[in-house]
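> One structure is given below, represented as structure tokens, and several questions about it will come after.
The values are calculated or read from the model by the stated rules, or taken from the named source; none is laboratory data. The shown structure was predicted, so the numbers you read here are calculated from the model rather than taken from an experiment. Positions of Cβ are backbone-derived with ideal geometry, glycine not excepted, and every protein chain shown enters the neighbour counts. These accessible areas exclude ligands, DNA and RNA; they are computed on the full protein's heavy atoms, side chains included. Shrake-Rupley method; radii C 1.70, N 1.55, O 1.52, S 1.80 Å.
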Amino acid sequence: MTCAFLGVEVVAGFLTGSLSLLADAGHMLTDVAGLVLALAAMKFAERRPSPRRTYGYHRVEILAALTNALVLAAVAGYILAEAWERFRSPHPVSTVPVLAVAAVGLLVNAASVLLLHRGSRDSLNVRGAYNEVVADALSSVGVIAGAAVIRATGWLWVDPLVAVAIALFVVPRTWALVREAVQVLLEGTPREVDLTALRAAMEGVPGVRTVHDLHVWTLTSGVHALSAHALLQEGAAHGPVLSALRTRVTDGFPINHVTVQLEEQCCGEHAHA
């Protein structure tokens, strides 16, 4: 649906002279790219791990989300630059075709929002595509309103104004997606994991003296991993302590992969980490 309507909107944008319609088409282009990248990432993620890629291809999803956000930012930049030229030199706009095309675009985007809503809760990549179609649905409303105002008043500056509003509306969402993708690529601690509380929970396991070299990172959306060193109390049994640590982590925190090294003596300069 999105790809088919993209072609219609691009042609209509040039024929009618509507920058707001072209802005909507630019966002529609990123929708197509986002959906294609999401599908490709899901297919890559299905591949089994190999000796060279022991975690498989989960990170492809994050790379796809980052690429999608950067493309959207570039499109927004182009629309802002073109809008500046339109403010200086207004272009005539054929309002009736703009109204018709934008109304169809609103229906297409509304259908896409319904299809992507559930998956956006679990996947960063799908969330990026979902954010874009939500923005496109709202921008279609803006295009319709702008065309109606131009038709009623003849104010041609309304068209680039709507285009600027559409571009600026998307920028914060684009930045949030970039920031989250970069956080994953830099192996930062997931925002849903309180590292202080996690350390306290692990050190509360009977037989554990301290926990150090504690790291938590994200492989892909909803898949978090942990590695840590646990210094044991004298006489503590390794097996039961290790089992209790794994249970404490996986039951109390959204962490899927747990790797814990048990120690009877502190490991030197790493003890403070």
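> Loop-only check: which GluC sites (Glu not before Pro) in segment 89-193 are DSSP coil with at most 16 other Cβ within 10 angstrom?
Passing both the DSSP loop test and the Cβ count: GLU187, GLU192.
> With every protein chain kept in place and ligands, DNA and RNA left out, what is the accessible area per residue of the chain? Probe 1.4 Å, answer in Å².
51 Å²
> Taking a ≥ b ≥ c as the square roots of the eigenvalues of the Cα gyration tensor of the chain, is the shape rounded (a/c under 1.5), prolate (a/b larger than b/c) or oblate?
Prolate is the answer for the chain, as a/c is 1.5 or above and a/b outweighs b/c.
> Highest GNM mean-square fluctuation, the chain, Cα pairs closer than 10 Å: which of ASP24, ASP251, ASP159?
Highest fluctuation of the listed residues: ASP251.
> How much length, in nm to one decimal, is gained on full extension between HIS91 and LYS43, taken as 0.36 nm per residue of separation minus their Cα-Cα distance?
Computed gain between HIS91 and LYS43 is 12.8 nm.
> Moving on to the next point. Kindly point out which whole DSSP H helices in the chain project their C-alpha atoms 24 angstrom or further along the helix axis while averaging a Kyte-Doolittle hydropathy of -1.0 or above.
19-45, 59-88, 95-116, 124-153, 158-185
> What whole number of Å gives the distance from the Cα centroid of segment 93-161 to the Cα centroid of segment 76-91?
19 Å
> Continuing with the same structure: Just in segment 175-237: which trypsin sites (Lys or Arg not before Pro) are loop by DSSP and have at most 14 other Cβ atoms within 10 Å?
Those that pass, being in a loop and sparsely packed, are ARG191.
> For the chain, what is the calculated [θ] at 222 nm in deg cm²/dmol (nearest 500), taking -39500 (n - 2.57) for each run of four or more DSSP H residues and dividing by its residue count?
Per the formula, -22500 deg cm²/dmol.
> First check a/c for segment 68-172, with a ≥ b ≥ c the square roots of the eigenvalues of its C-alpha gyration tensor; if it is under 1.5, answer rounded, and if not, answer prolate when a/b is larger than b/c or oblate otherwise.
The shape class here is oblate.
> Viscosity 1.567 mPa s, temperature 4 °C: give me the Stokes-Einstein translational D for segment 1-159 in µm²/s, with Rh taken as the Kirkwood radius over C-alpha pairs.
Result for D is 78 µm²/s.
> Here is a follow-up. With label points built 7 Å along Cα→Cβ from the Cα atoms of LEU195 and SER50, find their separation and express it in nm.
If labels sit at LEU195 and SER50, their model points lie 3.3 nm apart.
> What is the spread of the Cα atoms of segment 133-236 along each of their three principal axes, largest first, in whole Å?
The Cα atoms of segment 133-236 stretch 85, 20, 17 Å along the principal axes, largest first.
> Between ASP251 and GLU264, what is the label-to-label distance in nm when each label sits 7 Å out along the Cα-to-Cβ direction?
2.8 nm
> Now, a different point. Given a 1.4 Å probe and every protein chain left where it sits, what share in percent of the accessible area of segment 124-273 is carbon and sulfur?
That share works out to 59 percent.
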